[in-house]
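Read through the structure below, which is laid out as structure tokens, and then see the notes.
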2 protein chains.
Amino acid sequence: MSEKRDRIISAALQLFCENGFQHTSTAAISKKAGVATGTLFLYFKSKDELINALYLETKAALSKHMQEGLEQAATVHDKLFHIWLKSVGWSEANPYHFRFFNMFSNSAFISALTKDEAASLFQFTEELVKNAVAEGSIAPIETGLFVSLFGGQLNATINYLAQSPQPENRQQIVEKAFRLFWKSMKA
Amino acid sequence: MSEKRDRIISAALQLFCENGFQHTSTAAISKKAGVATGTLFLYFKSKDELINALYLETKAALSKHMQEGLEQAATVHDKLFHIWLKSVGWSEANPYHFRFFNMFSNSAFISALTKDEAASLFQFTEELVKNAVAEGSIAPIETGLFVSLFGGQLNATINYLAQSPQPENRQQIVEKAFRLFWKSMKA
DNA sequence: ACTTTCACTGACTGATTAGTCATTTTTATA
DNA sequence: TATAAAAATGACTAATCAGTCAGTGAAAGT
């Protein structure tokens, strides 16, 4: 991966979040990245391919971060809590990436193909849930519903934190929200 | 409200959902609505004002629907369940509107002002939560966090249903997801 | 019958911009 | 050092489209 490519991706991320896809010209991205307008099209066939690549790589980064140290968690509870904390941490450390997901996950710019590819990066969470139900750690539930609810709760928590005025009890909120989720799901 | 205005709003909703904001020209909206290109600009100063009006009116319709018959629910549990069912029902009866929210709630097209106005339509939910905590029906929690989690869980449920292959146990899923939420929140 | 009003029309335009490509610069190779 | 290959440049273009405005026709008022 070239360094110029990285600069383009990173400039695109910022500008898309600040001004939206439509109000960000490829010329503006190139300028911010410090490359010529043509260079962008060496690395990405089109503006659409650029945003899809950005989406996929961002998802991949999050997925990787979630799994770091996951093997050290012994119980299902601990594994879910690990994923929870990693996700919150990553989102707070990468506010642009998080905002990017909020803005574009449901937009028309991301193709169905890209979404499929991204979903496969989170396959491991489905496995986790299936095993948890099988071993009786959590109450019986459709895997997809569990994953959806977990993601929803997580997203709601992060969004709440992002717009909440007091960050001092941030950690308590994060833990409390997880406790609530776990309370609803445990066997 | 003129009938042409309605047709423009409704055409815009469909086209925005199908092709996104950027790939929907005002000419296409006008054509689908069966009016001249200039007519759109009689009712909306700009394409941006159009999407903001659409957002606000859709939110208002949902808010109104949620509150229909709400006074008949006696307990906090019943009130929340009423809102839950009304929301799910409305989203399934108005899939375009629901998709529109998913696509544009976090987009750059909806102004902060519009979002503020929309939020005020849901003021009643915050009151509900405050009273519930005060009377001890639910465990103590920050109002904003509760509202955020409720919305997140609801949204996750509807999204799960929308992409789930089997609609036969739809009602069970809806009730189950609410039971899980209530389990996590009740005093 | 004349005038005024006004919702509506649609051809038109000025501005924007995604993407191209002939050329130059840099890097690798012999 | 000479040559080839690869990477990068940026002026340019073809196309799109939001928004305008002079004009139309129907209805209301006098």
Checklist entry - Has segment B:84-98 got at least one residue that is buried (at least 20 other Cβ atoms within 10 Å of the Cβ), away from DNA strand D (no atom under 16 Å from the Cβ) and within 13 Å of chain A (Cβ to nearest Cβ)? => result yes
Checklist outcome for this item: Reported set for segment A:167-187 where residues are open to solvent by 20 Å² or more (accessible area, probe 1.4 Å) and either in contact (Cβ under 8 Å) with a residue 60 or more places away in the chain or aromatic (Phe, Trp, Tyr) (or both) is A:182, A:186
Checklist outcome for this item: All conditions in (1) surrounded by fewer than 15 Cβ atoms within 10 Å (Cβ to Cβ); (2) within 30 Å of residue B:24 (Cβ to Cβ) are true of residue A:130 except (2)
Item to check | Leading residue by the ranking (most open to solvent (accessible area, probe 1.4 Å)) among those in segment B:134-161 that are without any contact (Cβ under 8 Å) to a residue 40 or more places away in the chain and more than 8 Å from chain A (Cβ to nearest Cβ) | outcome: B:140
Checklist entry - If you scan segment B:80-93, which residues turn out to be farther than 18 Å from residue B:125 by Cβ and touching a residue at least 24 places away in the same chain (Cβ under 8 Å)? => result B:92
Checklist outcome for this item: Only unsatisfied item for residue B:21, checking (1) surrounded by fewer than 17 Cβ atoms within 10 Å (Cβ to Cβ); (2) within 16 Å of DNA strand C (Cβ to nearest atom); (3) at pLDDT below 95, is (1)
Checklist entry - With respect to the numbered conditions (1) assigned to a helix (DSSP H, G or I); (2) small (Gly, Ala, Ser); (3) assigned by TED's automatic domain parsing to the domain that holds residue A:146, which one is the sole condition not fulfilled by residue A:108? => result (1)
Next on the checklist: For the list (1) surrounded by 15 or more Cβ atoms within 10 Å (Cβ to Cβ); (2) over 30 Å from residue B:110 (Cβ atoms); (3) of a type in the set (Val, Ile, Thr), I need the number of the one condition that residue A:75 fails.
Outcome noted: (1)
Checklist outcome for this item: Those residues of segment B:111-133 which are among the acidic types (Asp, Glu) and in contact (Cβ under 8 Å) with a residue 60 or more places away in the chain amount to B:117
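In segment A:41-54, how many are over 20 Å from residue A:97 (Cα atoms) and more than 6 Å from DNA strand C (Cβ to nearest atom)?
Number satisfying all stated conditions: 3.
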Next on the checklist: Looking at segment A:104-120, can you tell me whether even one residue there is away from chain B (no Cβ under 14 Å), within 16 Å of DNA strand D (Cβ to nearest atom) and not aliphatic (A, V, I, L, M)?
Outcome noted: no
Checklist entry - Hey, any hits in segment A:102-110 for a residue that's of a type in the set (Ser, Thr, Tyr) and under 18 Å from residue B:151 (Cβ atoms)? => result yes
Checklist entry - Does residue A:164 satisfy the condition of being surrounded by fewer than 16 Cβ atoms within 10 Å (Cβ to Cβ) and either touching a residue at least 60 places away in the same chain (Cβ under 8 Å) or within 9 Å of chain B (Cβ to nearest Cβ) (or both)? => result yes
Item to check | Among the candidates A:50, A:56, A:40, residue that is touching a Phe, Trp or Tyr at 6+ places or on another chain (Cβ under 6 Å), under 21 Å from residue A:5 (Cα atoms) and surrounded by 14 or more Cβ atoms within 10 Å (Cβ to Cβ) | outcome: A:50
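The values are calculated or read from the model by the stated rules, or taken from the named source; none is laboratory data. What you are looking at is a predicted structure, and each value in this text was computed from that prediction instead of being measured. Neighbour counts run over all protein chains shown; Cβ positions are idealised from the backbone, glycine included. With ligands, DNA and RNA removed, areas are computed over all heavy atoms of the protein, side chains included. Shrake-Rupley method; radii C 1.70, N 1.55, O 1.52, S 1.80 Å.
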